[in-house]
Every structure is written in structure tokens, then in C-alpha cells.
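Here's the structure we're looking at; comments come further down.
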Amino acid sequence: MEWLISLVIAVLTASGVYLTLRARVFPVVLGLTLMAYGVNLFLFAMGRLTIGQPAIIDSAATVYSDPLPQALVLTAIVIAFGMTAFLIVLALKACGELGNDHVDGLPLAEDKLPAGKSRVGETHNPIDKSQRQADRQ
């Protein structure tokens, strides 16, 4: 059983690191979430979980479960949820402002945009572009 838990933690962490190193925002958010799941499982495993034992020390109980890992994981879940929600809102705002979801935050140059595509709120008409250049001169 220890091998299975170790393997799941390793796969979650490795997948999270791989996705975090991607160049788009959604895989980065998904990678951070997977790493948070891996850390939560690691905290549970380090707490020596016992099945069917009380979490509160009682004079009648001979064996009990340590409540500290459970409290740490519950706190980590809440923090990870808040972090994920913030990152998604931040990514949506950046995508709306820049017109792409690349993690470097740089908008695409006009000549790198696909044919017929434009930034949010801009038209991609070559006549308009030449007209704007003539107006500037």
C-alpha cells in the first residue's frame, strides 16, 4: 500500500511540474492544482493514517489517529482553492487584455497574428492600417 501511495504522489507531482512548465496559462493552473493534490497526499501519508480510529485522544481509546495532518490538509485545500480561483481570474483578465494566453504576458506582434485574427477590440483590416499610417504622417 505504501508503494501505491508513493507512486500516486510521484505521478501527481511530476505531472504538476510538467504542466507548470508549459507556455500557456491553463496548463500552468492545472499543474499547480495537481502539485497541491500531491502535497496534500504527502501530508496525509506522513501523518501515518489509521483507519477506523478516533481522531481525539480519549482515555478509553488505546489507539488514536493524529488530527494534525488532517487539519493541515484541510487548510491546504482551502488555500489551494483560493489560489486556483485567483489564478483563473488573473488569467482571464490577462487573456482579455493581451489577446492571448501565453504566460510571458507579451501580446503577439501584428505580423505574428494568424490571418483574419485581431487583438480584442481591434480590427485587422489592412486598409485601416494603411489609413492610420497615412493619418499619422
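Nothing in this text is a laboratory measurement; each read-out follows from the coordinates by a stated rule. In this text the structure is predicted, and so the values were computed from the model without any measurement. Cβ coordinates were reconstructed from backbone atoms using ideal geometry, including for glycine residues, and neighbour counts include every protein chain displayed.
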ask   = Ordered by packing density, taken as the mean number of other Cβ atoms within 10 Å over each peptide's residues, highest first, how do 59-70, 11-22 rank?
value = 11-22, 59-70
key: Net charge contributed by nearby residues that have their C-beta within less than 10 Å of Ala91 (K/R +1, D/E -1)   = +1
request  = Within 10 Å, count the other beta carbons around each residue, average over each peptide in 76-89, 31-44, and list them highest first.
outcome  = 31-44, 76-89
message = Would you calculate the convex hull of the Cα atoms in region 2-106 and tell me its volume per residue in Å³?
response = 87 Å³
ask   = Could you give the nm distance between label points at Ile57 and Ile77, where each point is 7 Å from its Cα heading toward the beta carbon?
value = 2.5 nm
